1. Pull up the stretch 306-346, narrow it to residues that are among the small types (Gly, Ala, Ser) and within 19 Å of the chain's Cα centre (by Cα), then point me to the one that is nearest to residue 179 (Cα to Cα).
2. Just the residues that are under 20 Å from the mean Cα position of the chain (by Cα) and assigned to a helix (DSSP H, G or I), please, taken from the stretch 266-283.
3. Scan the stretch 311-332 and give yes if some residue there is charged (D, E, K, R), at pLDDT 95 or above and surrounded by fewer than 17 Cβ atoms within 10 Å (Cβ to Cβ), otherwise no.
4. Could you please give the count of residues in the stretch 33-57 that are of a type outside the set (A, V, I, L, M) and either closer than 22 Å to residue 81 by Cα or in contact with a strand residue (DSSP E or B) (Cβ under 6 Å, 6 or more places away or on another chain) (or both)?
5. Based on what the data block shows, is residue 352 more than 16 Å from the ligand (Cβ to nearest atom) and of a type in the set (Lys, Arg)?
6. Applying the selection to the stretch 37-54, what residues are surrounded by 12 or more Cβ atoms within 10 Å (Cβ to Cβ) and out of contact with any Ser or Thr (no Cβ under 7 Å at 6 or more places or on another chain)?
7. Kindly establish whether residue 322 is touching a residue at least 40 places away in the same chain (Cβ under 8 Å), within 15 Å of the ligand (Cβ to nearest atom) and β-branched (Val, Ile, Thr).
8. Could we say that residue 254 is of a type outside the set (S, T, N, Q), closer than 24 Å to residue 327 by Cβ and away from the ligand (no atom under 11 Å from the Cβ) here?
Amino acid sequence: MNVLVINAGSSSLKYQLINVETQDVLAKGICERVGSHEAFHKHGIDENEVVHDTPMPDHNAAMALVLEALTTGSTKAIDSLDEIDAIGHRVVQGGKYFDRSVLIDDDVIAKIDELAELAPLHNKAALMGIEACKQQMPGKPMVAVFDTSFFQSIPPKAYMYPLPYELYEKHAIRKYGAHGTSHRYISERAAAFMDEPLEDLKLITCHLGNGCSISAIDHGVAVDTSMGLTPLDGLMMGTRCGAVDPAIVPFIMEKENLTTAEVNDLMNKKSGLLGISGISNDLRSVRQASEEGDERAQLAYDMYSNSVKKYIGQYIAVMGGVDAIVLTAGVGENCDKMRRMIFAGLQPLGIKIDLEKNKLRGHEREISTDDSTVRIVVIPTNEEYMIARDTYQLVKEDGMGL
Ligand code: AMP
């Protein structure tokens with residue numbers, strides 16, 4: 001049973017063809033700079049990757065190229081499009097409408113469009129991906145998997161902002177969260193790895209990549225998360241500032257004479273690790289510079305780890321304890337130094353990292369000491385598989401040919 005997973009950005013189209021039963025990735029790739037003269041298409045897995053500079057005026061043209069690569073020539077993974085059973089689309093904003101993944105119909109498309117007000121670039125891009133699939137593969141069942149739906153269980157005391165209530169009523173301003181598919185996946189996998197029912201566990205899940213978010217998951221139910229109305233809130237990230245004193249925004253707009261678009265750009269693209277270190281948003285470069293004595297790189301490291309540490313404390317308080325802390329994504333999975341710094345000094349809370357286990361690489365693994373009352377586990381995330389699995393289940397339940 002093969003599901004084509006599509007993650008459409010405003011100028012990109014990422015895809016994976018996944019056999020849901022075996023979890024094998026049959027093919028994957030990305031079309032980048034769609035709509036520009038510099039468009040290119042990368043297709044293949046690891047050393048078999050091929051890159052072509054190819055004109056792609058829009059997402060529809062990109063999708064046509066993807067389907068051609070999947071079915072013809074040296075890149076071929078399947079004989080014909082009939083071997084694609086269904087399509088799963090990543091959609092960033094599901095707002096209040098979607099607390100789970102859904103089969104796509106006209107009403108779902110209209111709601112994704114309506115919600116574009118909250119995530120203009122992302123939801124419009126997802127719609128372009130959906131439209132391209134409709135044109136290239138008419139009648140193929142499609143499912144929307146939302147980044148926000150896992151967090152619809154968060155209670156009002158955590159999702160409301162202490163602003164005038166009318167703003168919530170008029171503009172739906174509240175916390176929605178993001179990275180929900182990743183948090184859902186790693187919470188399920190962590191419970192399986194620990195051989196405990198998810199419904200018995202209090203988990204803090206940390207997605208630490210270029211984008212960063214952290215969630216409190218109480219007995220399988222998300223009760224809080226660090227990203228807010230948009231993915232700018234919460235932890236310090238690669239280029240995003242995360243939570244700052246909101247009064248800073250009008251202050252810098254006035255002092256630096258910035259427009260709303262410029263201040264938005266500054267907080268989303270020029271802040272975080274990049275803004276503090278002045279070197280890079282890539283933690284590997286920041287790490288190297290800090291080890292060579294660069295003080296701002298070290299400060300960036302210290303701030304990033306401190307930002308995660310503070311949220312861990314908050315979420316222990318929110319849930320009245322924690323059984324396990326789960327780490328994932330580029331930094332969470334790979335950076336032993338950052339993990340060591342995050343957990344340094346948390347022994348009084350029963351959280352003890354094993355410094356030897358922390359250095360080991362591998363797949364799903366535990367890095368806490370045997371006497372740590374809170375377990376620390378590293379789980380590589382797999383959002384694409386989760387999208388494929390949701391798609392498969394919904395299409396099967398609906399009896400649409402699987
Ligand atoms: P992601 O968004 O999940 O792809 O994560 C990207 C982030 O992970 C970047 O900041 C990378 O520098 C970081 N990263 C990946 N591998 C390592 C590593 N071995 N050590 C430190 N950071 C890493």
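1. Here is the first cut: in the stretch 306-346, the residues among the small types (Gly, Ala, Ser) are 307, 313, 317, 320-321, 324, 329-330, 332, 344-345.
If we keep only those that are within 19 Å of the chain's Cα centre (by Cα) as well, we get 307, 329-330, 332.
Values: 307: 18, 329: 11, 330: 14, 332: 14 Å.
Going through the qualifying residues, I end up with 329.
2. Once the filter is applied, which keeps residues that are under 20 Å from the mean Cα position of the chain (by Cα) and assigned to a helix (DSSP H, G or I), the stretch 266-283 yields 267, 268, 269, 272, 273, 274, 283.
3. no
4. Result for the stretch 33-57: 10.
5. Judged against the criteria, residue 352 is a match.
6. 42, 45, 49, 51, 52, 54, listed by residue number.
7. no
8. Details: of a type outside the set (S, T, N, Q): yes; closer than 24 Å to residue 327 by Cβ: no; away from the ligand (no atom under 11 Å from the Cβ): yes.
When the stated conditions are applied, residue 254 does not pass them.
The values are calculated or read from the model by the stated rules, or taken from the named source; none is laboratory data. The model shown is predicted, which means the values in this text are computed figures rather than measured ones. Here the Cβ is made from the backbone with ideal geometry for all residues, glycine too, and neighbour counts use every protein chain on show.
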